[in-house]
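Reviewing the structure listed below.
The values are calculated or read from the model by the stated rules, or taken from the named source; none is laboratory data. The shown structure was predicted, so the numbers you read here are calculated from the model rather than taken from an experiment. Using ideal geometry, Cβ is built from the backbone for each residue, glycine included, and neighbour counts are taken over all protein chains shown. The area values use the complete protein model at the heavy-atom level, side chains included, leaving out ligands, DNA and RNA. Shrake-Rupley method; radii C 1.70, N 1.55, O 1.52, S 1.80 Å.
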Amino acid sequence: MVFSEPVFMFLFLPVSLLVYYAVPFRFKNAVLFFTGLLFYSWGEPVYVLIMVLSTLIDYLAGRVMNRFDSNEIIRKAALIVSVVMNLSLLGVFKYSGFFIDSINSLFGISLYNPNLPLPIGISFFTFQSMSYTIDLYRRNITVQKSFVKFAAFVTMFPQIVAGPIVLYDNVARELEERKIDFEALSSGISIFICGLCKKVLIANS
């Protein structure tokens with residue numbers, strides 16, 4: 001699903017906004033989480049599990065760092081697990097085909113190349129999720145104990161497939177408490193409409 005598709009503009013976005021503003025605040029992060037999953041799974045019904053796995057890895061790494069805050073060895077081990085597993089996921093999908101083809105060409109063998117399709121936005125959500133554990137290890141932020149709130153940060157659909165990468169520190173306060181700002185909402189709608197018009201003009205030029 002892309003922002004210019006009719007199904008997004010006339011179904012997904014209106015329904016998501018209606019549900020988001022209708023539910024009490026304690027459920028709003030859950031709405032962001034599940035709409036993010038639905039948005040991503042619309043185009044990646046299988047690879048949405050990769051995004052959930054990456055999110056879960058970094059959430060658990062963060063909880064381990066918090067639980068063993070005074071043990072630098074365990075904290076560093078949790079960070080290493082987070083970084084290695086995230087970069088491994090990214091590497092498998094982005095570079096495994098290249099390495100297999102290179103090995104086959106170099107040694108004249110025929111290793112099977114699965115030619116895995118690249119999940120949409122994998123670089124964005126991988127680095128965004130991983131940046132949380134890095135900042136937590138550096139003690140630049142405090143741990144997020146709620147998986148739903150952390151997942152809402154990672155899977156928020158407006159930026160999940162095209163960025164930008166958002167640092168956790170920039171949204172930590174809003175995950176706990178935020179107010180409806182109609183001026184900001186109207187400004188966001190204006191920006192969205194301008195961007196959509198530009199896309200249409202470029203496509204028709």
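Structure notes:
- With respect to the conditions (1) more than 27 Å from Phe27 (Cα to Cα); (2) touching a Phe, Trp or Tyr at 6+ places or on another chain (Cβ under 9 Å); (3) assigned to a loop (DSSP other than H, G, I, E, B); (4) not small (Gly, Ala, Ser), Ile109 falls short on a single one, namely (2).
Here is a yes/no grid of residues against (1) surrounded by 14 or more Cβ atoms within 10 Å (Cβ to Cβ); (2) farther than 16 Å from Arg26 by Cβ:
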{"site": "Arg138", "(1), (2)": "no, yes"}
{"site": "Thr142", "(1), (2)": "no, yes"}
{"site": "Phe150", "(1), (2)": "yes, no"}
{"site": "Val154", "(1), (2)": "yes, yes"}
{"site": "Phe157", "(1), (2)": "yes, yes"}
{"site": "Ala172", "(1), (2)": "yes, yes"}
{"site": "Glu176", "(1), (2)": "no, no"}
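- Checklist (1) of a type in the set (A, V, I, L, M, F, W, C); (2) open to solvent by 60 Å² or more (accessible area, probe 1.4 Å); (3) modelled with pLDDT of 90 or more; (4) touching a helix residue (DSSP H, G or I) at 6+ places or on another chain (Cβ under 7 Å) applied to Phe127, failing item: (4)
- Pairs with Cβ under 8 Å, 6+ apart, first in the range 148-161 and hydroxyl-bearing (Ser, Thr, Tyr), second open to solvent by less than 50 Å² (accessible area, probe 1.4 Å) and at pLDDT 85 or above: Thr155/Leu32; Thr155/Phe33; Thr155/Gly36; Thr155/Leu37; Thr155/Tyr40; Thr155/Met51; Thr155/Thr55; Thr155/Phe125
- You will find that of Val23, Val19, the residue that is open to solvent by less than 40 Å² (accessible area, probe 1.4 Å) and under 25 Å from Arg173 (Cβ atoms) is Val23 and no other.
- Residue tally, condition surrounded by fewer than 14 Cβ atoms within 10 Å (Cβ to Cβ) and either of a type in the set (Phe, Trp, Tyr) or at pLDDT 90 or above (or both), over the range 88-110: 5
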